[in-house]
Amino acid sequence: MGGNGVNEKDATLAIALRIRDLLQKNTAIKVQLTREADEDYSIANRKAVAQTAGGTLFLSLHAGFSVTPRAQGMLIFTDQGVQSSAESISTEGKDRIVQRQKAAEKAGTLGYKIARAIGEDSVAGSVIVRSCPLLLQRDLEMPVVLME
């Protein structure tokens with residue numbers, strides 16, 4: 001709940017529905033939302049929806065709140081990937097690391113493209129892209145970008 005009484009879940013659902021409608025109207029991009037109403041979905045359910053849809057990007061929307069009136073802008077987080085030097089990892093484990101690293105690299109590229117597009121056509125304030133471990137990326141084979 002933000003200081004203005006707005007629930008994050010309500011704000012992000014409204015944004016997701018708007019993004020879906022704009023993309024469907026103006027592009028050939030197929031959009032699959034993890035929810036289309038005020039429903040509670042676990043991380044496991046969201047992963048299942050993403051894997052079933054077979055998408056090329058998982059965009060996770062969040063709405064931060066700050067008590068600082070000057071705070072504005074947007075953070076875009078991309079997965080930092082996996083670095084492993086363990087030689088005892090199985091071939092399957094190594095293949096999984098390579099897949100995750102490729103997805104993380106693609107997420108980074110997409111994150112910067114999103115930031116550039118928003119920065120060029122928005123009054124949202126600063127748009128910052130950062131890399132960090134993302135929970136959803138651990139199990140999904142597609143790039144994950146988290147926007148706050």
Requested in this report: Kindly check whether there is at least one residue in region 78-87 that is modelled with pLDDT of 80 or more and surrounded by 12 or more Cβ atoms within 10 Å (Cβ to Cβ).
Outcome: yes
Query raised in the report: Do the conditions hold for L110, that is, is it open to solvent by 40 Å² or more (accessible area, probe 1.4 Å), at pLDDT 80 or above, under 27 Å from S42 (Cβ atoms) and assigned to a helix (DSSP H, G or I)?
Result: yes
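Please state which one of A16, A50 is closer than 19 Å to A107 by Cα, at pLDDT below 85 and assigned to a helix (DSSP H, G or I).
Details: A16 fails: at pLDDT below 85.
Answer to the check: A50.
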Report summary line: For region 61-76, pairs from a residue that is at pLDDT below 80 and aromatic (F, W, Y) to a residue that is open to solvent by less than 50 Å² (accessible area, probe 1.4 Å) and assigned to a loop (DSSP other than H, G, I, E, B), with Cβ under 9 Å and 6 or more apart or across chains, are F65/G2
Query raised in the report: Can you tell me how many residues in region 32-60 are out of contact with any helix residue (DSSP H, G or I) (no Cβ under 6 Å at 6 or more places or on another chain), open to solvent by less than 40 Å² (accessible area, probe 1.4 Å) and touching a residue at least 40 places away in the same chain (Cβ under 8 Å)?
Result: 4
Report task. Residues being at pLDDT 80 or above, open to solvent by 10 Å² or more (accessible area, probe 1.4 Å) and not in a loop (DSSP other than H, G, I, E, B): count how many of those fall in region 133-148. Result -> 2
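Out of all the residues in region 16-26, is one or more in contact (Cβ under 8 Å) with a residue 60 or more places away in the chain and either under 18 Å from I118 (Cβ atoms) or charged (D, E, K, R) (or both)?
Just the residues of region 16-26 that are in contact (Cβ under 8 Å) with a residue 60 or more places away in the chain, to begin with: none.
Looking through region 16-26, none of the residues is in contact (Cβ under 8 Å) with a residue 60 or more places away in the chain and either under 18 Å from I118 (Cβ atoms) or charged (D, E, K, R) (or both).
The values are calculated or read from the model by the stated rules, or taken from the named source; none is laboratory data. This structure is a prediction, so every number in the text was calculated from the model and none was measured. Quick reminder, even Gly has a Cβ in these numbers, built from the backbone with ideal geometry, and neighbours come from all protein chains shown. Ligands, DNA and RNA are stripped out before the accessible areas are found, and what is left, the full protein with its side chains, is counted by its heavy atoms. Shrake-Rupley method; radii C 1.70, N 1.55, O 1.52, S 1.80 Å.
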